[in-house]
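Everything below concerns the one structure shown next.
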Amino acid sequence: MTTTREPAALAEPDERVGRGWTSALSLANGAIWVGWYGPLQILLASQAKDFAPGSGMSKETMLAWVTGVGAVVSLAANPVFGALSDRTASRRGRRTPWIVAGTAGGALSLLLLAGAGGVWTMTLGWCLVQLTLNAAFAAVTAAVPDRVPRTQRGAVGGWLGAAQILGVVGGTGLATAAGGIGAGYAACAVFTAAGVLPYVLRYPDLRLAPADRPPWSWRDFLAGFWLSPRRYPDLGWAWLTRFLINLSNSLVLLYLLYYLRDRLHRADPDQGVLILTAVNGLTLMATVVVGGIWSDRAGRRKPFVVWSGMLMAAATALLAAWQTWPGAIVAAAFLGIGFGVFTSVDFALMTDVLPKAADRGKDLGVINVANALPQVAAPALAAPIVTYLGGYRVLYLVAAVIGLAGAWLVGRIRGVD
């Protein structure tokens with residue numbers, strides 16, 4: 001009697017990954033976040049301020065429209081490219097071709113965005129950035145369940161989370177230090193392209209043989225993006241909790257530059273954003289890896305996600321209650337502590353509830369919609385709240401309630417301790 005051996009690319013990994021692999025993948029992940037957050041934190045807001053006069057829109061509304069449309073592109077791109085990478089039978093593996101193509105396209109799109117002359121070219125450039133960098137991000141994310149055993153995913157998720165916040169800080173720093181909008185985009189583009197090279201050059205990807213690829217069908221391909229909450233309830237609840245906590249965080253970040261300028265009257269709001277991002281990054285770095293390792297050793301995920309979500313909600317409420325520069329610094333510090341634990345442990349939790357190995361990229365892409373959808377919902381919620389319904393105090397109270405709901409719903413996930 002003969003047995004059919006499962007293809008290596010589809011097998012559940014059981015061999016621990018080394019520090020070099022983790023470091024290289026983390027650097028690639030951080031480079032992608034540089035390409036996103038240099039624009040999101042500084043450059044897009046600066047362009048909106050320049051383009052708003054005479055356009056009939058306030059700078060807040062223009063920024064909300066541009067980031068919202070870009071987030072819609074991200075919403076579709078991540079699961080689609082994840083699904084395509086699942087089916088890729090290249091000599092370079094399933095994920096590597098998309099990492100290379102996505103980051104190269106992202107760098108070129110950032111350079112295009114640097115030359116935007118108005119709101120329409122600004123919107124087009126940002127949509128291209130979202131399209132291309134999401135192709136790379138979907139592949140980087142899927143590499144973890146491809147290669148990392150379950151008992152190590154909290155730690156690896158922690159290092160990826162650390163790289164993520166370093167990417168946010170680095171993107172903000174590059175955009176600020178470059179000395180101009182065009183130079184800021186160029187600096188982010190160069191770092192994004194260079195940051196993926198150690199991973200793609202040093203670590204071969206697992207290859208999928210053409211014979212192991214399922215037959216192509218448009219109907220099956222499109223139907224695969226619907227993951228029924230009734231059939232996969234744990235995945236549904238995990239998705240909802242991630243969406244709510246990320247929506248809360250997006251509401252905090254979206255108008256941070258304007259909050260410092262218009263509410264706290266900071267003389268140099270750009271520098272203020274950089275300081276708050278750095279404080280948040282330092283406290284996040286103190287907890288993101290430790291939280292992931294701790295959850296691996298404890299063999300539990302949910303308590304870490306619950307308590308980190310509650311801490312983030314409390315810090316967001318502090319922004320509403322204590323609207324001063326010291327209050328913003330304290331809130332940024334506690335948001336970092338909570339988001340550090342949440343980032344690493346929630347990522348491990350998501351990989352633990354994936355239904356099938358053959359669809360890891362697609363399923364993680366669907367889960368990553370919970371990261372992108374808040375970028376659509378946040379502007380739609382934030383703009384009317386700030387403009388008509390009570391300003392920043394009400395905005396941050398609403399964000400705190402949303403984050404608290406996300407933390408509470410983690411208890412509905414039954415299949416993970």
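See the values below:
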{"quantity": "Cα centroid separation - segment 383-405 against segment 281-298, whole Å", "calculated": "29 Å"}
{"quantity": "Relative contact order (percent, whole number), the chain, Cα cutoff 8 Å, 6+ residue spacing", "calculated": "27 percent"}
{"quantity": "Theoretical gain in end-to-end length, Ala286 to Asp14 [0.36 nm per residue, Cα-Cα removed]", "calculated": "95.1 nm"}
{"quantity": "Assigned charges on the beta-carbon of Lys, Arg, Asp, Glu; the chain dipole about Cα centre (debye)", "calculated": "580 debye"}
{"quantity": "Estimated distance in nm for a label pair at Thr151 and Asp50, the labels positioned 7 Å out from Cα along Cα-to-Cβ", "calculated": "5.5 nm"}
{"quantity": "Carbon + sulfur, % of accessible area of segment 162-248 - ligands and nucleic acids excluded, 1.4 Å", "calculated": "66 percent"}
{"quantity": "With all protein chains modelled, accessible area of Lys49 [1.4 Å, Å²]", "calculated": "90 Å²"}
{"quantity": "The chain: most fluctuating residue of Pro79, Pro39, Pro229 per GNM, C-alpha cutoff 10 Å", "calculated": "Pro229"}
{"quantity": "Cα-derived Rg to Rh of segment 13-132, Kirkwood definition", "calculated": "1.07"}
{"quantity": "Accessible area (Å², per residue) of segment 14-62, counting only protein heavy atoms and a probe of 1.4 Å", "calculated": "40 Å²"}
{"quantity": "Largest-first principal axis extents of the Cα set of segment 164-283 (Å)", "calculated": "61, 40, 28"}
{"quantity": "0 to 90° range, to nearest 10: angle between helix 360-388 axis and the chain longest Cα axis", "calculated": "10 degrees"}
{"quantity": "Modelled FRET efficiency - R0 41 Å, Arg87 with Asp268, Cβ distances, 0.05 increments", "calculated": "0.25"}
{"quantity": "Extension gain (nm, one decimal) between Val190 and Ala211, 0.36 nm per residue minus Cα-Cα", "calculated": "3.8 nm"}
{"quantity": "Accessible-area composition of segment 267-312, carbon plus sulfur, in percent [1.4 Å probe]", "calculated": "69 percent"}
{"quantity": "Segment 2-103, accessible surface, carbon-and-sulfur percent (1.4 angstrom probe)", "calculated": "57 percent"}
{"quantity": "Cα-based helix-to-principal-axis angle, 302-321 vs the chain, degrees rounded to 10", "calculated": "10 degrees"}
{"quantity": "Listed residue (Gly291, Leu389, Ala317) projecting farthest to the positive dipole end of the chain, Cβ model", "calculated": "Gly291"}
{"quantity": "Computed Kirkwood radius, in angstrom, where 1/r is averaged over Cα pairs of the chain", "calculated": "21.4 Å"}
{"quantity": "Projected-area average for segment 139-234 over all orientations - Cα convex hull basis, square nanometres", "calculated": "10.1 nm²"}
{"quantity": "Positive-end extreme of charge dipole, the chain - chosen from Val66, Trp226, Leu40 (charges on Cβ)", "calculated": "Trp226"}
{"quantity": "Radius of gyration and maximum dimension Dmax of segment 79-197, Cα, Å", "calculated": "15.7, 50"}
{"quantity": "Candidates Trp216, Trp307, Trp159, ranked by Gaussian network fluctuation over the chain, Cα under 10 Å, top entry", "calculated": "Trp216"}
{"quantity": "Karplus (6.51, -1.76, 1.60) ³J(HN,Hα), θ = phi - 60°, over segment 271-288, in Hz, Gly and Pro reported as x", "calculated": "5, x, 4, 5, 5, 5, 5, 5, 4, 4, x, 5, 6, 5, 4, 6, 10, 5"}
{"quantity": "Accessible heavy-atom area order of Glu60, Glu15, highest first, probe of 1.4 Å", "calculated": "Glu15, Glu60"}
{"quantity": "Area accessible to solvent at Arg16, 1.4 Å probe radius, in Å²", "calculated": "150 Å²"}
{"quantity": "Dipole in debye (nearest 20) - segment 5-86, about Cα centre, beta carbon charges: Lys, Arg +1; Asp, Glu -1", "calculated": "300 debye"}
{"quantity": "Highest average packing first - 331-341, 373-383, Cβ atoms within 10 Å", "calculated": "331-341, 373-383"}
{"quantity": "Residue order for Phe221, Phe342, Phe191 - accessible surface, 1.4 angstrom probe, largest first", "calculated": "Phe191, Phe221, Phe342"}
{"quantity": "Cα-based helix-to-principal-axis angle, 153-177 vs the chain, degrees rounded to 10", "calculated": "40 degrees"}
{"quantity": "Nonlocal amide H pairs with Ser90, under 5 Å, H built at 1.01 Å", "calculated": "Leu208"}
{"quantity": "Listed residues Gly56, Gly171, Gly195, most fluctuating in the chain (Gaussian network, C-alpha, under 10 Å)", "calculated": "Gly56"}
{"quantity": "Exposure ranking of Ser46, Ser23 by accessible area [1.4 Å probe, largest first]", "calculated": "Ser23, Ser46"}
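The values are calculated or read from the model by the stated rules, or taken from the named source; none is laboratory data. Treat the numbers as computed from the prediction; the structure is a model and nothing was measured. Positions of Cβ are generated from backbone atoms using ideal geometry, with glycine treated the same way; all protein chains shown enter the neighbour counts. Calculation scope for accessible area: heavy atoms of the full protein, side chains included, ligands and nucleic acids excluded. Shrake-Rupley method; radii C 1.70, N 1.55, O 1.52, S 1.80 Å.
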